[in-house]
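The structure under discussion appears below in the form of structure tokens.
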Amino acid sequence: MAYENTILALPLPWHKDVWEGFSRAIDVGRMPHALLLHGTNGVGKRRLAMTLAQQMLCGAEANQYACGSCKPCKLLLAGSHPDLTILEPEEDGKKIRVDDVRRLCTKLNTTAQQGGWKIGLILVADAMNINASNALLKSLEEPQGKTLLILVSDRLHALLPTIRSRCQKQYLSTPSEDVATHWLKEVSGNSSDVAKAIEVSNGRPLLALHNIESGTLALRQDFEAIIEGVASGSLSSVEAAQQCVKLNGNNIIEWYMNYVHRLAVNEGQGGGDRRLFQFQDRLMSARQLLLSQSNVNQQLLLEGLFMDWAQSSNAISH
Ligand SMILES: [Zn+2]
């Protein structure tokens with residue numbers, strides 16, 4: 001978050017309409033007290049939340065976006081704006097703590113130090129446990145003037161219904177492939193990997209960018225070459241499993257599932273070979289095993305999977 005916190009963000013091209021809606025609401029003084037940005041992971045929800053927070057805290061007159069040079073903007077860019085509070089779990093998979101939510105609510109109830117809006121940003125809002133959610137509900141029930149809570153969630157259904165119903169919901173969709181591709185080429189400065197990155201990320205542009213920048217895309221491509229080698233018979237299941245030894249087991253299974261899914265969609269155009277679906281189930285049990293046990297022998301697990309994969313691929317191609 002520190003990175004996103006310190007850059008001056010502009011709305012993403014596919015958020016133009018949503019952004020214009022927010023701008024109009026700000027202009028006429030009709031911003032809600034609580035917004036819930038939801039949609040799948042990797043479409044830019046955090047980015048939009050941050051852009052909106054920056055715009056609302058900026059002290060310049062009648063700007064379409066935050067100016068970046070006024071005092072509030074400078075505080076924001078330094079990560080020390082006193083009227084912006086950002087909450088997120090300390091680590092992936094961890095919960096947001098009730099004490100942190102209480103602190104946020106207290107801040108929203110006190111006078112703004114810069115004299116403008118007070119903004120609370122809850123990233124991964126579905127990571128609030130029941131106590132944290134109940135603490136937040138009180139704030140939602142008694143909104144103060146010039147306060148805005150922005151909740152961000154990939155899993156709308158995991159939020160308390162009472163929280164969902166007190167927020168103005170804004171769904172953010174995945175852009176078209178053309179829009180995603182054009183944007184990713186511009187920001188990554190890399191045109192050769194863009195199509196593949198978009199493909200393995202199911203069209204979600206920020207996830208695709210992350211896959212390129214983190215080096216995950218290159219690892220995935222290596223992994224897909226391995227499973228294609230197994231399918232064609234040029235690699236034995238033992239050799240293939242050895243080549244995967246440095247990769248994280250959970251990641252491999254996710255990548256494998258994504259690969260088989262794309263294969264089923266491309267081949268079947270809605271139908272798909274039932275053996276692909278059976279293999280997908282096989283991958284799901286492997287994933288379950290890896291998640292539930294800490295001492296799984298990855299080499300043996302993969303050898304077994306690759307052996308089945310070789311058989312399925314052989315049966316499908318004949
Ligand atoms: Zn400014």
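No lab work stands behind these numbers, since they all come straight from the coordinates. Nothing here was measured: the structure is a model prediction, and the numbers come from that model. All Cβ positions, even for glycine, are placed from backbone atoms using ideal geometry, and neighbour counts span all protein chains on display.
Just flag the trypsin sites (Lys or Arg not before Pro) in region 155-205 sitting in loop per DSSP whose Cβ has no more than 15 other Cβ atoms within 10 Å.
Hits after loop and neighbour filter: Arg155.
With the crude spin-label approximation of a point 7 Å out along Cα→Cβ, what separation in nm comes out for Asn190 versus Val238?
Going from the Asn190 label point to the Val238 one covers 3.6 nm.
What's the FRET efficiency of Tyr171 with Leu291 using the Cβ-Cβ distance as r and R₀ = 25 Å, to the nearest 0.05?
Between Tyr171 and Leu291 the formula returns 0.30.
Helix 298-317 versus the longest principal axis of the chain: what angle, 0 to 90°, nearest 10, using Cα atoms?
Approximately 70 degrees, to the nearest ten.
Tell me, what is the FRET efficiency for Arg275 and Glu228 to the nearest 0.05, using R0 = 25 angstrom and their Cβ-Cβ distance as r?
Efficiency computed from Cβ-Cβ geometry: 0.90.
Taking Cα atoms, how many degrees apart are the long axis of helix 216-232 and the longest axis of the chain, rounded to 10 and kept between 0 and 90?
Once rounded, one gets 20 degrees.
Neighbouring Cβ atoms within 10 Å as the yardstick, rank Glu61, Glu90 fewest first.
With the fewest neighbours first, Glu61, Glu90 line up as Glu61, Glu90.
Multiply the residue separation of Arg155 and Ala62 by 0.36 nm, subtract the distance between their alpha-carbon atoms, and state the gained length in nm to one decimal.
Result: 30.0 nm gained on full extension.
Shape of region 102-178 from its Cα gyration tensor (a ≥ b ≥ c, root eigenvalues): rounded if a/c is under 1.5, otherwise prolate when a/b > b/c, or oblate?
Here region 102-178 falls in the oblate category.
Percent antiparallel among DSSP beta bridges with both residues in the chain, to the nearest 5?
Percentage antiparallel, nearest 5: 0.
Suppose every Lys and Arg Cβ carries +1 and every Asp and Glu Cβ carries -1, with no other charges. What dipole size does the chain come out with about its Cα centre, to the nearest 20 debye?
That gives a dipole near 1200 debye.
Using the beta-carbon distance between Leu137 and Arg24 and R0 = 45 Å, what value does 1/(1 + (r/R0)^6) give for FRET efficiency, to the nearest 0.05?
Working from the Cβ atoms, E equals 0.95.
What lysines does Lys246 reach when the alpha-carbon gap must be under 23 Å and sequence neighbours fewer than 8 apart in one chain are set aside?
Counting by Cα, and skipping residues close in sequence, Lys246 has these lysines nearby: Lys196.
Would you kindly state how much longer the chain becomes between Glu199 and Val179 on full extension, computed as 0.36 nm times their sequence separation minus their alpha carbon distance, in nm to one decimal?
5.8 nm
For every helix of n ≥ 4 consecutive DSSP H residues, a contribution of -39,500 (n - 2.57) applies; sum these over the chain, divide by its total residues, and give [θ] at 222 nm rounded to the nearest 500 deg cm²/dmol.
Helix contribution divided over all residues of the chain: -17500 deg cm²/dmol.
Can you run phi through the Karplus equation (6.51, -1.76, 1.60; θ = phi - 60°) for region 21-37 and list ³J(HN,Hα) in whole Hz, with x for Gly and Pro?
So the Karplus estimates, Gly and Pro as x, are x, 5, 4, 4, 4, 5, 4, 9, x, 10, 5, x, 7, 9, 10, 10, 8 Hz.
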